[in-house]
Amino acid sequence: MANREAPVHRWVPWIAGFSRQFVQDALARHLPGPAPGVVLDPFAGVGTTLIEADIAGHTAVGFEINPYAVFVARAKLGAHRLESARLRASIRDFVAFMEESERTGRAPKASPPAAFRTRAPFYSPAVERKVLSAFDFMATLDAPIAALFRLAFAATMVNYSNYSYEPSLGRKASVGRPEVEDDDVADVIAAKLSQMADDAGWYRDTRANPERDDGRVFEQSFFDGYAKLAEGSVDLLVTSPPYLNNYHYNRNTRPHLYWLGFCTAPRDLKRLETLNVGTYWQNARDEECIDLDPSIDEAIREAIEAVRARNPDKGIYGGNGWANYAARYFNDCARFLDGAAWCLRPGATALVVIGNSILQGVPIPTDRFLAAIAASRGFQVANIHVPRKARVGSSIVQSSVRAGKANGGALYESVVELRWL
Ligand SMILES: C[S@@+](CC[C@H](N)C(=O)[O-])C[C@H]1O[C@@H](n2cnc3c(N)ncnc32)[C@H](O)[C@@H]1O
């Protein structure tokens, strides 16, 4: 069953979510039990690793910089405490409130987030009025139930907007889809909430060793936060860091970040950009020359210099900007592995799912480069496994970003299996 159908995982779509099956297999193989372990995902996203680890009875710990992803992961990890009956009663009140608002033409009190600017209106007027009425209703709820409503809104908010993921956030009109003049916003949100109420019961019934604390997510860069974990305390690390493809997690979650109030000004997004693994090409392209960490392998240096030499006539769009971005990316890979080395107990495994890249025509085998950096830090490289080369829509990281670009067959994903010695 794909994540988009699986209980709890299906709450919120996420552009680059792990396949839960991959995580389940990893747990079964590396932590077969009976004793539970500590499972870490330093780039937790919406928490696929953490949810699967938690269901299997392990202690789940994650780090994530995007406050929206943190909000989602925490809500899912708390699913077993969700009061389904109370939520269902609130859904009924919500539907009645929205019907009444429509019938009476009541003007909403809430207003859209002032700093959220888009080229075309994000919502058509009729849809926006309904969304704002939904916010008026949420303002009457107590915090735990309001959080579930906010989640249901966030999970569905792009569907009834004039934007969509193709795979980056863009106007529906620019890919030939009609704008959404009107929609039954209340129904869509209510259906999502009912699904959440159903899944909560499933989660309670399925979660092993229920008398445990919830899984935890630190809203912090792993690089700054890893020392919060006791040295040598992690039994298994399963993660997928951002790939070297400049996919803009922050920009693509702008609607969620602004509408939920996690960002109130562009500087909030800028902060997230600078924390993101590798930052972004946009932030590196103007720099004269970003150096690789001296501890990093010669082959990586050569590949980056080959990128740097490409298309000097193209200015910021030429090789230098991409070489700078790649240098930051691999420097951050080194920081990631230093953090992993701190957290893992001797003998523990790290599974890192990573996609390769082609920059300015230069192939960048990120899997082998990551493995080389790991080896320089005392990891044993147990295996580099390429599960599928043709990955249209079915890769480990279920990302249409890569599926869309994979048409020449040159892009692949690998599982780099490392052992901390
Ligand atoms: C490929 S996604 C992980 C998806 C995850 N496997 C899932 O199933 O949801 C990478 C995530 O890393 C996060 N990230 C980027 N830089 C980070 C950092 N320095 N510390 C923690 N998280 C970071 C991004 O916000 C993004 O959510």
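Every read-out reported here was derived from the displayed coordinates using simple, explicitly stated rules and does not represent laboratory data. Model, not experiment: these values are computed from the prediction. In this analysis, Cβ positions are derived from the backbone assuming ideal geometry, glycine residues included, and neighbour counts consider all displayed protein chains.
Values as computed for the structure displayed
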quantity	calculated
Sum of -39500 (n - 2.57) over DSSP H runs of 4+, divided by residues of the chain (222 nm, nearest 500)	-13500 deg cm²/dmol
Spatial separation of Cα centroids for segment 234-284 and segment 38-64, in angstrom	19 Å
Rg/Rh ratio calculated on Cα atoms of segment 169-246 (Kirkwood radius)	1.12
For segment 117-124, Karplus couplings with θ = phi - 60° (6.51, -1.76, 1.60), whole Hz, Gly/Pro x	10, 10, 4, 10, x, 5, 10, 5
Cα-based convex hull, segment 81-204, per residue volume (Å³, whole number)	119 Å³
Rounded to 10°, Cα long-axis angle of helix 67-77 versus longest principal axis of the chain	80 degrees
Phe218 long-range amide H proximity, modeled H, under 5 Å	Gly62, Phe63, Glu64
Nearest-20 debye value, the chain charge dipole, Cβ charges on Lys, Arg, Asp, Glu	480 debye
Highest-MSF residue in the chain out of Arg171, Arg74, Arg103 [GNM, Cα springs under 10 Å]	Arg103
GNM result for the chain, Cα springs below 10 Å: residue of Ala110, Ala134, Ala340 fluctuating most strongly	Ala110
Degrees between helix 366-376 axis and first principal axis of the chain (Cα, 0 to 90, nearest 10)	60 degrees
Angle in degrees between helix 84-104 and the longest Cα principal axis of the chain, rounded to the nearest 10	60 degrees
Cα-centre dipole for segment 29-145 with unit charges at Cβ (Lys and Arg positive, Asp and Glu negative), debye to 20	260 debye
Cα-based shape type of segment 41-81, given that a ≥ b ≥ c are square roots of the gyration tensor eigenvalues and the cut on a/c is 1.5	oblate
Magnitude of the charge dipole, segment 81-204, Cβ model with Lys/Arg +1 and Asp/Glu -1, debye to 20	360 debye
Residue with peak Gaussian network fluctuation, the chain [Cα springs, cutoff 10 Å], from Thr49, Thr274, Thr239	Thr274
Shape call, segment 13-90: gyration tensor on alpha carbons, a/c limit 1.5	oblate
Note, ³J(HN,Hα) from phi for segment 32-41, Karplus 6.51, -1.76, 1.60, rounded to Hz, x at Gly and Pro	x, x, x, 6, x, x, 10, 10, 10, 10
Lys/Arg +1, Asp/Glu -1 at C-beta; segment 125-224 dipole; positive extreme among Pro125, Ser174, Thr206	Ser174
Percentage of interatomic Cα-Cα distances in the chain larger than 30 Å	45 percent
